[in-house]
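> Structure provided below as structure tokens; questions to follow.
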Amino acid sequence: VQLQAFGGGLVQAGGSLRLSCAGSGRTFSAYGVAWFRQGPGKEREFVAHISWNGDKTYYADSVKGRFTISRDSAKNTVYLQMISLKPEDTAVYFCSARAVSGYSTKVYEYDYWGQGTLVTVSS
């Protein structure tokens, strides 16, 4: 499975962005997918997860109510819609896939990673 994240950019506080994670490989649609982010000088942290069929989603407390994760299986793509962005959301955002069922917030429990896309929120 290969993942490619894109859609990052520069946005003002209060603005919106939509990130996309395009997956390749026949098994991508069977994997749970998560978004993580890594801010300047910080460790990589969990943002959101969606189950393989899209019926379950999980969010970090810091993004609940502002971010929405979704997936389009026909396009092999997972999205992260971000609204009401804050300067503290500035980070490189990574998508990742997990070959086993169930969600996790742990970096080491994800098997595949995309290259990351930079989101910068100006105040």
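> Being outside any loop (DSSP other than H, G, I, E, B), out of contact with any Leu (no Cβ under 7 Å at 6 or more places or on another chain), of a type in the set (A, V, I, L, M, F, W, C) and open to solvent by less than 50 Å² (accessible area, probe 1.4 Å) narrows it down to one residue among L3, L10; which is it?
Numbers: L10 fails: open to solvent by less than 50 Å² (accessible area, probe 1.4 Å).
On inspection, the qualifying residue turns out to be L3.
> Just name the residue that is farthest from Q2 (Cα to Cα) out of those in region 87-123 that are assigned to a loop (DSSP other than H, G, I, E, B) and open to solvent by 70 Å² or more (accessible area, probe 1.4 Å).
Residues of region 87-123 assigned to a loop (DSSP other than H, G, I, E, B): 90, 99-106, 110-111, 114-116, 123.
If we keep only those that are open to solvent by 70 Å² or more (accessible area, probe 1.4 Å) too, we end up with 100-101, 103, 106, 111, 115, 123.
Values: V100: 16, S101: 18, Y103: 19, K106: 20, D111: 10, Q115: 10, S123: 34 Å.
Per the stated criteria, the residue is S123.
> Can I ask one more? Please find, among S20, S84, S16, S62, the residue that is at pLDDT 95 or above, closer than 19 Å to V121 by Cα and surrounded by 16 or more Cβ atoms within 10 Å (Cβ to Cβ).
Numbers: S84 fails: surrounded by 16 or more Cβ atoms within 10 Å (Cβ to Cβ); S16 fails: surrounded by 16 or more Cβ atoms within 10 Å (Cβ to Cβ); S62 fails: surrounded by 16 or more Cβ atoms within 10 Å (Cβ to Cβ).
That would be S20, the only listed residue that is at pLDDT 95 or above, closer than 19 Å to V121 by Cα and surrounded by 16 or more Cβ atoms within 10 Å (Cβ to Cβ).
> I would also like to ask the following. Evaluate the following for S20: is it of a type in the set (S, T, N, Q) and assigned to a strand (DSSP E or B)? Step through it out loud before you land on a result.
Working: of a type in the set (S, T, N, Q): yes; assigned to a strand (DSSP E or B): yes.
For S20, the condition - of a type in the set (S, T, N, Q) and assigned to a strand (DSSP E or B) - is met.
> Something else now. I need the full set of residues from region 71-81 which are assigned to a strand (DSSP E or B) and either among the charged types (D, E, K, R) or open to solvent by 20 Å² or more (accessible area, probe 1.4 Å) (or both), in order please.
As a first pass, look at region 71-81 and keep what is assigned to a strand (DSSP E or B): 71-72, 77-81.
Matches in region 71-81: R71, D72, Y79, Q81.
> Also, I was wondering about something else. Keeping to region 40-59, report how many residues are open to solvent by less than 20 Å² (accessible area, probe 1.4 Å), in contact with a Ser or Thr (Cβ under 6 Å, 6 or more places away or on another chain) and touching a residue at least 40 places away in the same chain (Cβ under 8 Å). Walk me through it before giving the result.
Taking region 40-59 as the starting set, the residues that turn out to be open to solvent by less than 20 Å² (accessible area, probe 1.4 Å) are 47-51.
Now narrow it down to the ones that are in contact with a Ser or Thr (Cβ under 6 Å, 6 or more places away or on another chain): 50.
Retained after the next criterion (residues that are touching a residue at least 40 places away in the same chain (Cβ under 8 Å)): none.
Qualifying residue count for the region: 0.
> Checking the structure you have, find out if any residue of region 69-79 is in contact (Cβ under 8 Å) with a residue 60 or more places away in the chain and under 19 Å from Q38 (Cα atoms).
Filtering region 69-79 down to residues in contact (Cβ under 8 Å) with a residue 60 or more places away in the chain leaves 79.
Adding the requirement that they be under 19 Å from Q38 (Cα atoms) leaves 79.
There is at least one residue in region 69-79 that is in contact (Cβ under 8 Å) with a residue 60 or more places away in the chain and under 19 Å from Q38 (Cα atoms).
The values are calculated or read from the model by the stated rules, or taken from the named source; none is laboratory data. All figures in this text were calculated on a predicted structure; none of them were measured in a lab. Positions of Cβ are generated from backbone atoms using ideal geometry, with glycine treated the same way; all protein chains shown enter the neighbour counts. All accessible areas refer to the heavy atoms of the entire protein, side chains included, with ligands and DNA or RNA removed. Shrake-Rupley method; radii C 1.70, N 1.55, O 1.52, S 1.80 Å.
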